[in-house]
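These notes concern the structure reproduced below.
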Amino acid sequence: MEGPTPRLLLLHARDEDAGPWSDALSRDGFRVELSDRDSVRADDIVRRRPDLVLLDMAPPREPVLRLCRRLRSDPRSALLPIVLIAARRAEADRAVGLAAGADDCLPRPVTPALLSSRVGRVLRRRGVLPSSPDIRVGPIAISPTRHRVYADGRPVGGVTYIEFRILQALAESPGRALTRSQLLKLTHADRAGVSERSVDVHVVGLRRKLGRIGARIESVRTVGYRLSQEPHEEGPPPGHPPPGRTTAPRGGRSPAAGAKLPPPDA
């Protein structure tokens, strides 16, 4: 993470939730301070001057909403980014949370990847973090801020979160081979006990969605994958043989180059 490390104040209702949330945010480069939600007042938050407040809406939620309104009404904290983590009634909590002045409200249970992503998005929107520039490698363009992938200027649909992070990691080091272990860590999938071989499945899906440009994601034997910058290595669309290669008829062999085929009635 470039620039100063953002300071997050995590106000939790239960210790068992605070640990995993704090660990996930810390691994993504945030500095996290933990406090019991019910023991912190608005004046305490203003005095500590965090870059963002993360508030647990586990019942009772009324004190959380009052705290949000108090922070928004105080000129010293009116612009302080606030992110809520909903209780079980995610839609209802989101509606009242946003009405109370929160910048975002996350569903529960919240995954580590979603938590870090949405916190980062709020910080970028508020100017605490710089906006992530688009990454370009040949005909591939990646927008980390909008979570979009483009191939030859056209949006690529259906790219999953892990596929996106794999492509982003490869695009940030074009031409460099990354191991499956490295790619798992960069996508946070290693925390869920996912095997290294699952990376292969995600790469297959990513290549298919990119079409002929997907051939730029090269397999590196005994290592992992790399994203090629060379345009001549682009392949045919999935399901089509490369130019100049014929498909052997079922049960037989392709004729040798230059061989004459027998007449139809022979």
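Please verify whether Leu114 is closer than 20 Å to Ala13 by Cα, under 17 Å from the mean Cα position of the chain (by Cα) and either in contact (Cβ under 8 Å) with a residue 40 or more places away in the chain or not in a loop (DSSP other than H, G, I, E, B) (or both), treating the condition exactly as stated. Spelling it out, Leu114 is indeed closer than 20 Å to Ala13 by Cα, under 17 Å from the mean Cα position of the chain (by Cα) and either in contact (Cβ under 8 Å) with a residue 40 or more places away in the chain or not in a loop (DSSP other than H, G, I, E, B) (or both). How many residues does the range 118-177 hold that are in the same structural domain as Ser228 (by TED's automatic domain parsing), of a type in the set (Gly, Ala, Ser) and not in a loop (DSSP other than H, G, I, E, B)? Number satisfying all stated conditions: 5. The number of residues in the range 81-97 being of a type in the set (A, V, I, L, M) and in contact with a strand residue (DSSP E or B) (Cβ under 6 Å, 6 or more places away or on another chain) comes to 5. Residue count for the range 17-75 satisfying the condition of being farther than 18 Å from Val128 by Cα, touching a Pro at 6+ places or on another chain (Cβ under 9 Å) and among the aliphatic types (A, V, I, L, M): 1. Checked against the criterion of being surrounded by 19 or more Cβ atoms within 10 Å (Cβ to Cβ), under 30 Å from Val159 (Cα atoms) and either in contact (Cβ under 8 Å) with a residue 24 or more places away in the chain or touching a Gly at 6+ places or on another chain (Cβ under 6 Å) (or both), the candidates Asp93, Asp103, Asp51 yield just one match: Asp93. Does Leu10 qualify as being surrounded by 15 or more Cβ atoms within 10 Å (Cβ to Cβ), at pLDDT 90 or above and under 20 Å from the mean Cα position of the chain (by Cα)? When the stated conditions are applied, Leu10 does not pass them. Considering the range 111-150 alone, what residues qualify as being more than 19 Å from Gly214 (Cβ to Cβ), of a type in the set (A, V, I, L, M, F, W, C) and crowded, with 18+ Cβ neighbours inside 10 Å? Passing the criteria: Ala113, Leu115, Val119, Val122, Leu123, Leu129. Just one residue in the set Ser73, Ser35 is surrounded by fewer than 21 Cβ atoms within 10 Å (Cβ to Cβ), of a type outside the set (D, E, K, R), under 21 Å from Val110 (Cα atoms) and over 21 Å from the mean Cα position of the chain (by Cα); that residue is Ser35. Selection of the range 68-84 for residues being under 19 Å from Glu33 (Cα atoms) and either touching a residue at least 40 places away in the same chain (Cβ under 8 Å) or in contact with a Ser or Thr (Cβ under 8 Å, 6 or more places away or on another chain) (or both) yields Leu71, Pro81. Of the residues making up the range 114-153, those that are basic (Lys, Arg) and under 22 Å from Arg226 (Cα atoms) are Arg136, Arg148.
The values are calculated or read from the model by the stated rules, or taken from the named source; none is laboratory data. If you're wondering where the values come from, they're calculated on a predicted model, not measured in any experiment. Methodologically, a virtual Cβ is constructed for each residue, glycine included, from the backbone with ideal geometry; neighbour enumeration extends over all protein chains shown.
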